[in-house]
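The values are calculated or read from the model by the stated rules, or taken from the named source; none is laboratory data. Because the structure is a prediction, the values reported are computed rather than measured. Note that we place each Cβ from the backbone using ideal geometry, even for glycine, and neighbour counts take in every protein chain shown. Ligands, DNA and RNA are stripped out before the accessible areas are found, and what is left, the full protein with its side chains, is counted by its heavy atoms. Shrake-Rupley method; radii C 1.70, N 1.55, O 1.52, S 1.80 Å.
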Amino acid sequence: MTVDTESRVEAGLEGARARTLGLLAPIADAALVDQVSPLMSPLVWDLAHIGHYEELWLLRNVVGAAPTNELFDDVYDAFKHPRRDRPSLPILGPPEARAFVAGVRKRVLDALEMIDLDGDDPLLRHGFVYGMVVQHEHQHDETMLATIQLMKDFAHPDAAGWHPAPVERDAGGTNEGMVAVPGGSSVIGTDEHAWVYDNERPRHEVDVAPFRIDSTPVTNRQYRAFVEDGGYDDARLWSAAGWDWHQDAGVEAPLFWRREGGSDWSRRRYCRREELPLDEPVQHICWHEADAFATWRSARLPTEAEWETAAARDGEPGAPQQMVGNVWEWTATDFAGYPGFVSFPYREYSEVFFGPEYKVLRGGSWASDASVRRATFRNWDYPIRRQIFAGFRCAADA
Ligand SMILES: [Fe+2]
């Protein structure tokens, strides 16, 4: 194999593991097995699931190794067991989970020497399956950060740095901060194979009408104006499904925001309550809230194609700022395969989620690793989900 690919694989695996263990090290074993929300797994489930996924792809599929325990195929299958049910499964305890992931990793690194990453096998070529496993671990690290944020009483020592970057320009509750993007034929997706997921392929052209898009994500300052203007009480701003959700959920502001008496808004960030940082992008809002805000501002959410067209202009004068790596951004688009989509290497990564019930998010967040931060990366979630690090920006027709 080429040394470059091998060292990239090794560095990727080591970086992901250092991050995982660093996140979990300060958390007591009792808290690792706790479930803080029915939306999330106990952290120890995520940890052993990371090891199981790695064993499945990098040992069983690649070198034909036997499973450590066949029961894990059931217990750690994310599709068989929704998160709310995972605490009742016979999952490994923290010491056993740590030993399991360490043992798998040692065997993976031992086997790596023998693997041909330059051959014709599409799973191995350029280290694809290793990249898939590295990204999978980082994506679970982001999920675990969302779980840790939900742990009200736990002060993680690293939490001070866990927040979005402030934005420099803020046009308040208007469309003044938008930049114009010319229309025409736009290239979406990629044909790159290594370290890119099936749902990002193939690269294809779409026609995009000229449009305008916010130069930065919507900030807490802007979002507060929507809240204080009665945005949550005005049914005209909401879709029918959004209004139903908001009535059922009884929400009046983003998750973790609070206002007591006549005081100003605060937000809870990793067990500490703090003054709302007005220049940061709003996060912990669901798609319905983003959509209602956009209507309030006489704008709309960008389509996925518009978002990627704008992101491709990164570095050009007048291009929007901070499109990748600050907060996930909700788009108007339902999750679907691109024309000519071929599932690889398994349908359950993305194909089984295609359909109108999921909305696409773009850009990656401050919690996303560099291996996941790219303009073609597609995330998806239900339009009612708020625990993820998602915000949005608005768009409008030219
Ligand atoms: Fe997973």
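See the values below:
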read-out: In the range 368-387, the residues that are open to solvent by 10 Å² or more (accessible area, probe 1.4 Å) and not in a loop (DSSP other than H, G, I, E, B); value: Asn379, Trp380, Asp381
read-out: Residue tally, condition over 30 Å from Ser263 (Cβ atoms) and within 18 Å of the chain's Cα centre (by Cα), over the range 274-300; value: 0
read-out: From Thr219, Thr190, residue being touching a residue at least 12 places away in the same chain (Cβ under 8 Å), farther than 30 Å from Phe344 by Cα and not aromatic (Phe, Trp, Tyr); value: Thr219
read-out: Yes/no for Trp265 being touching a Lys or Arg at 6+ places or on another chain (Cβ under 7 Å), of a type in the set (Phe, Trp, Tyr), in contact (Cβ under 8 Å) with a residue 12 or more places away in the chain and closer than 29 Å to Ile188 by Cα; value: no
read-out: Qualifying position, being touching a Ser or Thr at 6+ places or on another chain (Cβ under 6 Å) and either in contact (Cβ under 8 Å) with a residue 24 or more places away in the chain or buried (at least 20 other Cβ atoms within 10 Å of the Cβ) (or both), among Val206, Val227; value: Val206
read-out: Options Pro182, Pro122, Pro166, Pro157; residue that is in contact (Cβ under 8 Å) with a residue 40 or more places away in the chain, more than 16 Å from the ligand (Cβ to nearest atom) and either among the aromatic types (Phe, Trp, Tyr) or under 19 Å from Met323 (Cα atoms) (or both); value: Pro166
read-out: Residue list for the range 351-367, restricted to those being in contact with a strand residue (DSSP E or B) (Cβ under 8 Å, 6 or more places away or on another chain) and surrounded by 15 or more Cβ atoms within 10 Å (Cβ to Cβ); value: Phe353, Phe354, Tyr358, Lys359, Val360, Leu361, Arg362, Gly363, Gly364, Ser365, Trp366
read-out: The range 171-197 - residue that is in contact with a Pro (Cβ under 8 Å, 6 or more places away or on another chain) and over 17 Å from Glu306 (Cα atoms) and, of those, most open to solvent (accessible area, probe 1.4 Å); value: Asp191
read-out: Any hit, the range 196-209, residues being polar (S, T, N, Q), within 16 Å of the ligand (Cβ to nearest atom) and outside any strand (DSSP E or B); value: yes
